[in-house]
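The values are calculated or read from the model by the stated rules, or taken from the named source; none is laboratory data. None of the values given here were measured: they were computed from a predicted structure. Here Cβ is always computed from backbone atoms with ideal geometry, including for glycine, and neighbour counts include all displayed protein chains.
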Amino acid sequence: MPSKPDTLDRFSLPDAAGHFGGYGGVFVPETLMTALSELAAAYEVARKDPKFQAELRHYLKEFAGRPTELYFAEGLTKHAGGAKIYLKREDLLHTGAHKINNALAQALLAKRMGKKRIIAETGAGQHGVATAAACAKFGLECVVYMGAHDMARQALNVFRMRLMGAEVRGVEAGQKTLKEAINEAMRDWVTNVRTTHYILGTAYGSHPYPMMVRDFHRVIGQEAKEQILAREGRLPDELIACVGGGSNAIGLFFEFLEEPNVRMIGVEAGGRGITQGAHAARFAGGRLGVLQGCKTFLLQNADGQIELTHSVSAGLDYAAVGPEHAFYRERGRIEFAYATDDEVLEVFQLCSRLEGIIPALESTHALVEGLKRAKQLGKDKVIIVNLSGRGDKDVEQVAKILAAKS
Ligand SMILES: *Cc1c(COP(=O)(O)O)cnc(C)c1O
């Protein structure tokens, strides 16, 4: 079934109040309303300012390492025996993932706004590391909130952040993971809003974050479009990306939303399977609700309590999904699938062996789906998989899992 052609102007969303159809919006305490509208106004000016855009382009190139390659994955393509598989190599960026695109851009915006103190949340530590790097680069004070449980699991990333001058504050509440870290960051912001900018790490939360973070990652799709036209002389048949909050996926997809023949698939974390508490596939097991400032699909019980989530990849392990994805799924423009932990562990090893590229566990979810689809498509078809990050951060965890299995 081909995706429905979409007649919607992709730039018409969100509306001024941050709605993507029935999703998104602003659900925060009154004390943050002013900060969010101030941020939206500052971003609106920066976005149209050629000086800001030129400065951002400069740092994306010199500091982050853009453009990234669009790489023909010959080994994986042969293995699948069908469509050509290309990888968009966001794993080659400084700090190891796409997250630096957004962290750099928001740090520049904070400087413009005269805010010298940055706060951020982090789960596995990837966004924290990207933010710490951007703050070190621009001489900004940096405080990163991280669940105490995640700090223990990701001790190396905690060390990296501290090495670059960030203060990492452990959060002891609840499950001691990402959700609690976001709550603490929002609490800090309420208290210090005059001096502080909150660099949120994904296309989620209250307006203007989902729109702004999307815009800062659009460069992925802009480059990919140019690169595939140069390589293949035509647009790809399918785009595939993993979806945690949704930033790397919407970054790749956005440029193609109005291309009716390009199919788009977001891949969520299927964990141990779609039963309560064992996964983070919001579209497979979730319902409409509000979490941390945003109305969207989320995993909750009948009373609206947020369910536990699980994934082998920390970066996809969140109970809610970005509102723009919920909107385009409803319109049938973006489709969603999920990959299980076991599938991911297998393809993690396969990609390492066949390509000499160790993918992040998050990105491997997209690779699982990419291989499945390549097998079903003819050799004349072309798929682009977003390789959102590199797997160096994951090798210790995978080694342990594989040792326990054997
Ligand atoms: C954080 C992360 C993700 C998930 O975040 P999105 O906002 O959904 O992109 C995916 N891949 C990598 C490598 C990450 O670090």
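Give me the pairs, please: first residue somewhere in the stretch 1-18 and modelled with pLDDT of 95 or more, second residue anywhere and in a loop (DSSP other than H, G, I, E, B), beta-carbon distance under 6 Å, and either six or more positions apart or on two chains. Close Cβ pairs (under 6 Å, with a partner that is in a loop (DSSP other than H, G, I, E, B)) amount to GLY18/GLY25; GLY18/VAL26; GLY18/HIS207.
Might you let me know whether the stretch 369-382 holds any residue that is buried (at least 18 other Cβ atoms within 10 Å of the Cβ), closer than 16 Å to THR202 by Cβ and touching a strand residue (DSSP E or B) at 6+ places or on another chain (Cβ under 6 Å)? No, the stretch 369-382 contains no residue that is buried (at least 18 other Cβ atoms within 10 Å of the Cβ), closer than 16 Å to THR202 by Cβ and touching a strand residue (DSSP E or B) at 6+ places or on another chain (Cβ under 6 Å). Of the residues that make up the stretch 348-368, is at least one without any contact (Cβ under 8 Å) to a residue 40 or more places away in the chain, β-branched (Val, Ile, Thr) and over 23 Å from PRO208 (Cβ atoms)? Scanning the stretch 348-368 turns up at least one residue that is without any contact (Cβ under 8 Å) to a residue 40 or more places away in the chain, β-branched (Val, Ile, Thr) and over 23 Å from PRO208 (Cβ atoms). Listed by first and then second residue, the pairs with beta-carbon distance under 7 Å, at least 6 apart or on different chains, first residue in the stretch 197-221 and touching a residue at least 12 places away in the same chain (Cβ under 8 Å), second among the aromatic types (Phe, Trp, Tyr) and away from the ligand (no atom under 14 Å from the Cβ), are TYR198/TRP189; SER206/PHE27; PRO208/TYR43; MET212/TYR43; GLY221/PHE256. For the stretch 40-50, the criterion of being hydrophobic (A, V, I, L, M, F, W, C), in contact with a Pro (Cβ under 8 Å, 6 or more places away or on another chain) and more than 16 Å from the ligand (Cβ to nearest atom) is met by at least one residue. For the stretch 213-235, residues that are surrounded by 19 or more Cβ atoms within 10 Å (Cβ to Cβ) and more than 19 Å from ARG66 (Cα to Cα) total 0. When ARG89 is tested against the conditions (1) within 26 Å of SER352 (Cα to Cα); (2) at pLDDT below 95; (3) of a type outside the set (A, V, I, L, M), the lone failure is (2). Of all the listed residues (GLY289, GLY304), the sole one being under 23 Å from GLU121 (Cα atoms) and away from the ligand (no atom under 13 Å from the Cβ) is GLY289.
Of the strands (runs of 3 or more DSSP E) lying entirely inside the stretch 229-319, the ones with 1 or more residues being free of Cβ contacts under 8 Å to residues at least 40 places away in the same chain are found at 287-291, 294-298. Scanning the stretch 211-225 turns up no residue that is of a type outside the set (Val, Ile, Thr) and at pLDDT below 95.
So that you can scan it fast, the table gives a plain yes or no per residue for (1) under 25 Å from ALA241 (Cα atoms); (2) hydroxyl-bearing (Ser, Thr, Tyr); (3) surrounded by fewer than 24 Cβ atoms within 10 Å (Cβ to Cβ):
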site	(1), (2), (3)
ALA97	yes, no, no
GLU141	no, no, yes
GLY147	no, no, no
LEU163	no, no, yes
GLU167	no, no, yes
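When PHE283, PHE327 are checked against the criterion of being over 15 Å from the mean Cα position of the chain (by Cα), of a type in the set (A, V, I, L, M, F, W, C), modelled with pLDDT of 95 or more and surrounded by fewer than 20 Cβ atoms within 10 Å (Cβ to Cβ), PHE283 stands alone in meeting it. Checking each residue in the stretch 153-188 for being farther than 19 Å from HIS310 by Cα, in contact (Cβ under 8 Å) with a residue 40 or more places away in the chain and assigned to a helix (DSSP H, G or I) picks out LEU156, ASN157, ASN183, GLU184, ALA185, MET186, ASP188. Pick from ALA337, ALA374, ALA326, ALA404: which is under 27 Å from GLN276 (Cβ atoms), in a helix (DSSP H, G or I), in contact (Cβ under 8 Å) with a residue 12 or more places away in the chain and of a type in the set (A, V, I, L, M, F, W, C)? When all the criteria are applied, what remains is ALA326. So in the stretch 232-250, with the set limited to residues that are touching a strand residue (DSSP E or B) at 6+ places or on another chain (Cβ under 7 Å) and either away from the ligand (no atom under 14 Å from the Cβ) or modelled with pLDDT under 95 (or both), which one is nearest to PHE336 (Cα to Cα)? Once the filter is applied, the top-ranked residue is GLU238. Evaluated against (1) more than 14 Å from the ligand (Cβ to nearest atom); (2) in contact with a Pro (Cβ under 6 Å, 6 or more places away or on another chain); (3) not aliphatic (A, V, I, L, M), THR296 falls short on exactly one condition, (1).
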